[in-house]
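J.: Pasting in a structure now, in structure tokens, and then I'll have a few things to ask.
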């Protein structure tokens, strides 16, 4: 059942500013476990149940909801990998946005505490990369899908813009709907608001994973270049 409790005035900001992104500093200090838990909890709160709104909207809405459920599970898989490869995940987060030379210096610094080859960063990175291959592929697919889903959603936001504005304005005065007001029935504008938040949460998942994968790929390429010179 759709949760009308999400229809608060805070969604006005989403409709105006679009999806959020993390700065390098925010990415470096982020608690991966806590952040993924927060996103998954928001996904569960917004919901991904199938709905019947109108023939013109249902295919898009329910296709998006199925995708949200799938990516929710991807986020949980990624959290497990980040936990199992904690040192690498922390390193990737802390060094997001650094140059190749800076990454190399940080990797060498990491290796100063290694007592064996298995403890060296290159080997730990290889293990992390292998474990996250599936996640990387699914996240790349998500990036492509976000472009398509966002474009389609933009059409509906424009189409139902007047109704959406009225809903958000009403909720800014009355506050959130209470549970006993939830009749489980969606009108098109409410459904579009829900879809907007779903896309925003998908963007958060994608941005979080992409930030780490970009650093991992840079380090892997750097290591290959160093190996080629020796």
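The values are calculated or read from the model by the stated rules, or taken from the named source; none is laboratory data. Since the structure is predicted, the reported quantities are computational estimates derived from the model, not experimental observations. Positions of Cβ are backbone-derived with ideal geometry, glycine not excepted, and every protein chain shown enters the neighbour counts.
J.: For the range 34-51: of the residues being outside any helix (DSSP H, G or I) and in contact (Cβ under 8 Å) with a residue 24 or more places away in the chain, which is nearest to residue 67 (Cα to Cα)? Before you say what the answer is, go through the steps one by one.
T.: Within the range 34-51, the first condition is being outside any helix (DSSP H, G or I), and the residues that meet it are 47-51.
So of that shortlist, the ones also in contact (Cβ under 8 Å) with a residue 24 or more places away in the chain come out as 47-49, 51.
Details: 47: 12, 48: 9, 49: 11, 51: 14 Å.
The residue in question is 48.
J.: Could you tell me which numbered condition residue 97 fails, if it satisfies all but one of (1) exposed (fewer than 13 other Cβ atoms within 10 Å of the Cβ); (2) over 30 Å from residue 189 (Cβ atoms); (3) touching a helix residue (DSSP H, G or I) at 6+ places or on another chain (Cβ under 8 Å)?
T.: Answer for residue 97: the failing condition is (1).
J.: Tell me whether the range 34-44 contains one or more residues that are more than 30 Å from residue 186 (Cα to Cα), surrounded by fewer than 19 Cβ atoms within 10 Å (Cβ to Cβ) and out of contact with any helix residue (DSSP H, G or I) (no Cβ under 7 Å at 6 or more places or on another chain).
T.: First pass over the range 34-44, keeping only residues more than 30 Å from residue 186 (Cα to Cα): 34.
Keeping just the survivors that are surrounded by fewer than 19 Cβ atoms within 10 Å (Cβ to Cβ) gives 34.
Now drop any that are not out of contact with any helix residue (DSSP H, G or I) (no Cβ under 7 Å at 6 or more places or on another chain), which leaves 34.
Looking through the range 34-44, at least one residue is more than 30 Å from residue 186 (Cα to Cα), surrounded by fewer than 19 Cβ atoms within 10 Å (Cβ to Cβ) and out of contact with any helix residue (DSSP H, G or I) (no Cβ under 7 Å at 6 or more places or on another chain).
J.: Just name the residue that is farthest from residue 204 (Cα to Cα) out of those in the range 110-166 that are in contact with a helix residue (DSSP H, G or I) (Cβ under 7 Å, 6 or more places away or on another chain) and not in a helix (DSSP H, G or I).
T.: Step one: of the range 110-166, the residues in contact with a helix residue (DSSP H, G or I) (Cβ under 7 Å, 6 or more places away or on another chain) are 110-111, 117, 120-125, 128-129, 131-132, 135-136, 138-139, 142-143, 145-146, 149-150, 152-153, 156-157, 160, 163-164.
Pick out the ones that are also not in a helix (DSSP H, G or I) and you get 120, 132, 160.
On the way: 120: 31, 132: 18, 160: 25 Å.
Among residues in the range 110-166 that are in contact with a helix residue (DSSP H, G or I) (Cβ under 7 Å, 6 or more places away or on another chain) and not in a helix (DSSP H, G or I), the one farthest from residue 204 (Cα to Cα) is 120.
Matching residues to (1) more than 30 Å from residue 122 (Cα to Cα); (2) loosely packed, with under 12 Cβ neighbours inside 10 Å; (3) modelled with pLDDT under 90:
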site: 149; (1), (2), (3): yes, no, no
site: 156; (1), (2), (3): yes, no, no
site: 160; (1), (2), (3): yes, no, no
site: 168; (1), (2), (3): yes, no, yes
site: 176; (1), (2), (3): yes, no, yes
site: 189; (1), (2), (3): yes, no, no
site: 194; (1), (2), (3): yes, no, no
site: 211; (1), (2), (3): no, no, yes
site: 224; (1), (2), (3): no, yes, yes
